[in-house]
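The values are calculated or read from the model by the stated rules, or taken from the named source; none is laboratory data. Predicted model only: the values in this text are computed from it and were never measured. Positions of Cβ are generated from backbone atoms using ideal geometry, with glycine treated the same way; all protein chains shown enter the neighbour counts.
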Amino acid sequence: MKNRPKQLFTRANWNLLVELIRAQFKLIDHNSLLGFLWSSLGPLAMFAVTYAIFSVRFGKNIAAYPLYLLSGIVVVNFFVNATLQVMQSFCAAMPLMLNTTAPRKIILIANVGIVLYKFLLELLFCVAISFFYGKLSLKMLVLAIPILLAFIAFILGISSMLALCNCLVRDVEHLWTLLSRVFFFITPVFYELKDISSWASKLVYFANPLTPFMVSLRSLLMGSFDAMSFGYSLLWGVFFFALGLGAFGLLEDTAVERA
Amino acid sequence: MSDPYVIAEHVSKHFHVLSQRGTTFRAIKAFLKREPLMKKLNVLSHVSFEMKRGEKIAIVGKNGAGKTTLLRILAGIYEPSSGEVYTEIAPKVLLNFWTGFNMDLTVIDNVYLCGALFGGERKLLARSLPRILEMAELSTLGYSPAKRLSLGQIQRLSLSIFLNTPGDFLIFDECLAFVDKGFARKSDAFIKEHISDHKTAIMASHDGEFLKKHCTRAIWLDKGSIRMDGEARRVISEYESVVSGEATE
């Protein structure tokens, strides 16, 4: 018999989630004069470097290449930062999980919250650039909502699996830190799929679940709609969320006891 | 006679611990030689008891007897390896007084954060804030970072938040270990008032007098099994005499 309460979204748990996120907000860039600007410098620096290097080679055929590039960086950055944050914080929250009845899934979600906030601010910046290029429409913004929800579900799914693995074997964190850098190259951040060979583009599109999210979000920002990527994004989001949730339910006790 | 509020039936718990210092080399060697790298550590063995609504049970036993593990199982933090546990409602748990605190946040922020961990909502905590701070004797330090507090002050604050948030079923472990005598007396009175007749509580402590004062029944855990279960004064006195006898030997 499972003694742990099954219902996740009770009023008390919702309240706890809000308080955990609120506490992280208060500590964001703690004791820093420039605060949020520091965390925005990373994507901006990455943008400046990649733009300087790749704009001539890849940018000449893409309209609004700065928007194309920045939206790609923002999406990959969110994925990498959120997965790393959840993985590290989940193991660090072990005393909390061993000494309180706080649901572990709430701790997991709370850790995505703070990275999500930064992502949404960066995305808002992309929306402003899209407006500047005259590519923004209300219809596209509405269509972005299901993609964003699917993207968050996808990240929660992947993060929960990584967090579990990291509790069991700490090498996962180092491995993921190395591997996550590769995502900037195996996802079409600075190039288009048609710029690479046919087999490579198929591999990047179908074997890398991050690609459909990036392609669909970016096409909306660029004023078009990619139905296939939209569908794939929803599919990957639901699939990874279910997989992560299932794995978490099965292994959370083992992970916490052995961490 | 009321229905049982808590049922523990043949609850056993074991953990897998490393049988030697765990290095990659040893792990590979153990894998190749098919030797087990981990060994089974039995912490609880066939613990069974029932508890009625309103009962206050003390859990006593030496370090490593399985008290905290039992409390964690009752709280739903651990799943038993075998056996079953039923609790009518989710308990409010205080197993470690510094857990949940964020030392960079202010005392007041920590009241809301820890309060949420005990199931308290912001509105309710805001109303109880003066009382919480006053009980913890921290009324003037509300906006100081928690890292400026001493261990005893943090414990007072934690206990004060715990006792000022709602809950009918309480589980707590060694909650007065580091506090000064003045606060211990104050907490004693407050605990007496707080865990009134209708509340159910399970508490573990090495302070026999504290347990005798607040509990009606005691369970003595010895090497993971129940050695004695009965009236609090009798069980605790028996436990203390055995422990002091062992110490003088």
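Of all residues in the range B:95-121, count the ones that are among the acidic types (Asp, Glu) and either at pLDDT below 90 or more than 21 Å from A:ILE28 (Cα to Cα) (or both). Working first, answer last.
Taking the range B:95-121 and keeping what is among the acidic types (Asp, Glu), we get B:104, B:109, B:121.
Imposing the further condition that a residue be either at pLDDT below 90 or more than 21 Å from A:ILE28 (Cα to Cα) (or both) reduces the set to B:121.
Residues in the range B:95-121 being among the acidic types (Asp, Glu) and either at pLDDT below 90 or more than 21 Å from A:ILE28 (Cα to Cα) (or both): 1 in total.
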**Request:** Check A:ILE196 against each of (1) modelled with pLDDT under 95; (2) more than 25 Å from A:MET46 (Cβ to Cβ) and name the one condition it does not meet.
**Result:** (2)
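Which one of B:LYS62, B:LYS92 is within 14 Å of chain A (Cβ to nearest Cβ) and touching a strand residue (DSSP E or B) at 6+ places or on another chain (Cβ under 8 Å)? Working first, answer last.
Details: B:LYS62 fails: within 14 Å of chain A (Cβ to nearest Cβ).
That would be B:LYS92, the only listed residue that is within 14 Å of chain A (Cβ to nearest Cβ) and touching a strand residue (DSSP E or B) at 6+ places or on another chain (Cβ under 8 Å).
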**Qualifying helices (runs of 4 or more DSSP H) (wholly inside the range B:104-201; at least 3 residues being under 21 Å from A:THR100 (Cβ atoms) and in contact with a Lys or Arg (Cβ under 8 Å, 6 or more places away or on another chain))** = B:107-117
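When only residues in the range A:207-259 that are part of a helix (DSSP H, G or I) and among the acidic types (Asp, Glu) count, which is modelled with the lowest pLDDT? Give the steps one after another, and end with the answer.
Residues of the range A:207-259 part of a helix (DSSP H, G or I): A:207, A:210-221, A:227-258.
Now restrict to residues that are among the acidic types (Asp, Glu): A:252-253, A:257.
Values: A:GLU252: 90, A:ASP253: 88, A:GLU257: 83.
For the range A:207-259, the residue satisfying everything is A:GLU257.
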**Prompt:** Just for the range B:107-136: of the residues that are of a type outside the set (A, V, I, L, M, F, W, C), more than 8 Å from chain A (Cβ to nearest Cβ) and surrounded by fewer than 17 Cβ atoms within 10 Å (Cβ to Cβ), which one is farthest from A:LEU20 (Cα to Cα)?
**Reply:** B:GLU134
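It is to be established whether one or more residues within the range B:66-83 are surrounded by fewer than 20 Cβ atoms within 10 Å (Cβ to Cβ) and free of Cβ contacts under 8 Å to residues at least 60 places away in the same chain.
Step one: list which residues in the range B:66-83 are surrounded by fewer than 20 Cβ atoms within 10 Å (Cβ to Cβ), which gives B:76, B:79, B:81-83.
The next check asks that each one be free of Cβ contacts under 8 Å to residues at least 60 places away in the same chain; those that pass are B:76, B:79.
Checking the range B:66-83: at least one residue is surrounded by fewer than 20 Cβ atoms within 10 Å (Cβ to Cβ) and free of Cβ contacts under 8 Å to residues at least 60 places away in the same chain.
If you take the residues in the range B:95-106 that are of a type in the set (A, V, I, L, M) and at the interface with chain A (Cβ under 7 Å from one of its Cβ atoms), which one is farthest from B:GLY76 (Cα to Cα)?
B:LEU105
Taking B:PRO36, is it within 9 Å of chain A (Cβ to nearest Cβ) and not hydrophobic (A, V, I, L, M, F, W, C)? Explain how you work it out, then say what you get.
Working: within 9 Å of chain A (Cβ to nearest Cβ): no; not hydrophobic (A, V, I, L, M, F, W, C): yes.
No: the conditions fail for B:PRO36.
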**Request:** Working only within the range B:48-70, note down all residues that are in contact with a Pro (Cβ under 9 Å, 6 or more places away or on another chain) and not in a loop (DSSP other than H, G, I, E, B).
**Result:** B:GLU50, B:MET51, B:LYS52
**Complete:** Pairing a residue in the range B:85-100 that is under 13 Å from B:SER158 (Cα atoms) with any residue that is surrounded by 21 or more Cβ atoms within 10 Å (Cβ to Cβ) and at pLDDT below 85, where Cβ atoms lie under 8 Å and the two sit 6 or more apart in sequence or on different chains, gives B:LEU94/B:CYS175; B:PHE97/B:CYS175
**Fill in**
Here the residues within the range B:137-170 that are among the β-branched types (Val, Ile, Thr) and either more than 27 Å from B:LYS52 (Cα to Cα) or out of contact with any helix residue (DSSP H, G or I) (no Cβ under 9 Å at 6 or more places or on another chain) (or both) are B:THR140, B:ILE154
**Prompt:** Which condition number in (1) under 20 Å from A:ALA242 (Cβ atoms); (2) of a type in the set (Lys, Arg); (3) within 11 Å of the chain's Cα centre (by Cα) is the one that A:ARG104 fails?
**Reply:** (3)
**Prompt:** Does A:LEU34 fit the bill of being more than 30 Å from B:ALA75 (Cα to Cα) and either outside any helix (DSSP H, G or I) or at pLDDT 85 or above (or both)?
**Reply:** yes
